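The values are calculated or read from the model by the stated rules, or taken from the named source; none is laboratory data. The structure displayed is predicted, hence computed values, not measured ones. Using ideal geometry, Cβ is built from the backbone for each residue, glycine included, and neighbour counts are taken over all protein chains shown. Side chains are part of the model used for accessible areas, which takes the heavy atoms of the whole protein and leaves out ligands, DNA and RNA. Shrake-Rupley method; radii C 1.70, N 1.55, O 1.52, S 1.80 Å.
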Amino acid sequence: MQKRQFMRLGATLLAAPAVLPALAADKKAGGSGPVLLTVTGDIGNSNRGALDPALDQMMAKQKLSFDKAYTFDFAALSALPSVEIHPTLEYDRRRHSLRGPLLSEVLRVCGAPAALQNCALRAVDGYAVLVSAADIAKYRFIVATHLDGKPIPLGGLGPLWAVYEADSFPEMAARPLPERFGQCPWGLYHIAVRKA
């Protein structure tokens, strides 16, 4: 490669980190990369149609059904305002940094009703929990995309994790560490919204 081409390529790569957030923000709502999160149920906005049992195999096997949904890829989630929390995790008993948008912000983008009863949060392994609107607000759940400054990998706790900072709430901090995160599915991929 000629020196001039190499220098131009180097300058382009150095500029890329400054340009990427702007590109992510300009992306169409929902994004165009691989879908990481699908929100269904009582939502006012949608960017995809009904469940296709042939192509949505995992959702069909987990007995999900919907006529419309709102989907997010990594860039669309990363473009939302993010929050950073520092909970002590049960897996290594150490404090970690987790970053991502508030769950309430994700629901707002989907057009979830203000009078929300609960959300079913479902992980790729089928683990599912019902979380009340009151708990979503009180504990300030986030949809974590980053752990200790790096995207959370699939096969680890990600790529998405619905989680809160349990250490900040006396009733949670009083529990044994393995009991603090029962409402926090890692490997989150689906949210079903139910209005009050």
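With all protein chains present and a 1.4 Å probe, how do Thr145, Thr88 order by accessible area, largest first?
Thr88, Thr145
Largest accessible area first, the residues Asp148, Asp125, Asp73 order themselves as Asp125, Asp148, Asp73 under a 1.4 Å probe with ligands, DNA and RNA left out.
Extension gain, Ser132 to Leu154, is 5.2 nm, computed as 0.36 nm per intervening residue step minus the present C-alpha separation.
For a paramagnetic label modelled at 7 Å from the Cα of Ala196 toward its Cβ, which residues of the stretch 138-153 fall within the zone defined by backbone nitrogen distances under 14 Å? Residues 138 fall inside that zone.
Here's the list of aspartates and glutamates a cross-link from Lys195 could span, going by alpha-carbon distance under 12 Å and ignoring same-chain residues fewer than 8 apart: Asp42.
For the stretch 31-180, what class follows from the C-alpha gyration tensor (a ≥ b ≥ c being the square roots of its eigenvalues): rounded when a/c is under 1.5, otherwise prolate if a/b is larger than b/c, else oblate?
prolate
For the stretch 107-196, what is the convex hull (Cα atoms) projected area averaged across all directions, in square nanometres? Answer in nm², one decimal: 6.2. Largest accessible area first, the residues Leu188, Leu55 order themselves as Leu55, Leu188 under a 1.4 Å probe with ligands, DNA and RNA left out.
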